[in-house]
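Below: the structure, in structure tokens.
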Amino acid sequence: MKNHMARVHQHREKQYECDHQGCSRHFNKRNQLKAHKCEHQEPLQFHCTVDGCTREFPSHGKLKHHEKMHQGYPCEKEACPFQGKTWTEYLKHRKEHKVKVPCGECTKLFNNAWFLHQHKQRVHSGDWRKLLCPNQGCGKKFTRRFNLENHVLGDHEGKKPFSCAYAGCGKSFAMKESLWRHGVVHDPAKKKLKKLRLKKHLPWRVALQSRLAAATDREETNTLTEKLKSCSIQL
């Protein structure tokens, strides 16, 4: 943590310098400098063994990474000829084989049975709780509190402070989350933003809470001791 704070946030100068003649590169870590020095070796130690490829590499790890480009990432499905050049291409292709779970009561498709179950509970089941709009004469019902708050603020109170910054759009929203979701319309490649949820039971969090509690107890004890010193007993 100390090294990270110094390198990234305090902009500490890179302390490892390459001493090869004509090279003035600097590095944050000793391992980075060691790997870089291998590039100055002539000839390089590791050679690609694929026919027609003359690439050379300073380390075994870089050679293995290069060989993956020749081998590729074949699809595991039978009779599928796809072979991705990168791991990202392979993951993107694998989604095409994922079977959607259809709803038996409508035409919607879902990634797994859990989403299908939630859909049936909210849409097709009459037992799911309904949140009624509190405004008299409205009568609209919602299955989520977020949708109810969005409806009341936007439709009844006219509060839509979150405006889309995309040129020519002009849409406004009552909730910030709605603006985030709307951003995907203008940029389909952009994923929806997710809120970070801190895990409550991480070991470091428990240890930190214990230290803070102990520090608070010591502070209260010291304060009480000082008060007792200044007190005088009257007989």
Looking across segment 103-114 at residues that are in contact (Cβ under 8 Å) with a residue 12 or more places away in the chain and surrounded by fewer than 14 Cβ atoms within 10 Å (Cβ to Cβ), the single one that is nearest to D51 (Cα to Cα) is N111
Taking the criterion of being surrounded by 10 or more Cβ atoms within 10 Å (Cβ to Cβ), farther than 25 Å from H65 by Cβ, at pLDDT 70 or above and within 37 Å of the chain's Cα centre (by Cα), would at least one residue in segment 1-21 satisfy it? yes
Any residue in segment 44-52 that is surrounded by 12 or more Cβ atoms within 10 Å (Cβ to Cβ), under 17 Å from H66 (Cβ atoms), of a type in the set (D, E) and at pLDDT 70 or above? no
Pairs returned, first residue in segment 62-91 that is under 22 Å from H47 (Cβ atoms), second residue that is part of a helix (DSSP H, G or I), beta-carbon separation under 8 angstrom, 6 or more apart or interchain, are K85/M69
Residue hits (segment 146-186; touching a strand residue (DSSP E or B) at 6+ places or on another chain (Cβ under 6 Å) and not small (G, A, S)) are L148, K160, F162, F173, K176, L179
Result of the Cβ filter at 9 Å on segment 142-153, keeping first residues that are within 18 Å of H119 (Cα to Cα) and assigned to a loop (DSSP other than H, G, I, E, B) and partners that are modelled with pLDDT under 85 and not polar (S, T, N, Q), at least 6 apart or interchain, is T143/R122; T143/V123; T143/W128; T143/R129; T143/K130; T143/L131; R144/R122; R144/L131
Per the filter on segment 73-96, residues over 25 Å from the mean Cα position of the chain (by Cα), surrounded by fewer than 14 Cβ atoms within 10 Å (Cβ to Cβ), assigned to a loop (DSSP other than H, G, I, E, B) and not charged (D, E, K, R) are A79, C80, P81
Within segment 131-167, residues being surrounded by fewer than 12 Cβ atoms within 10 Å (Cβ to Cβ), more than 23 Å from G183 (Cβ to Cβ) and hydrophobic (A, V, I, L, M, F, W, C) number 1
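Here's the yes/no breakdown for (1) of a type in the set (A, V, I, L, M); (2) out of contact with any Ser or Thr (no Cβ under 7 Å at 6 or more places or on another chain); (3) at pLDDT 85 or above:
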site	(1), (2), (3)
C103	no, yes, yes
K108	no, yes, yes
N111	no, yes, no
L116	yes, yes, yes
W128	no, no, no
G137	no, yes, yes
G158	no, yes, yes
A167	yes, yes, no
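The values are calculated or read from the model by the stated rules, or taken from the named source; none is laboratory data. What you see is a predicted model; the values in this text were computed from it and never measured. Backbone-built Cβ (ideal geometry, glycine too); neighbour counts: all protein chains shown.
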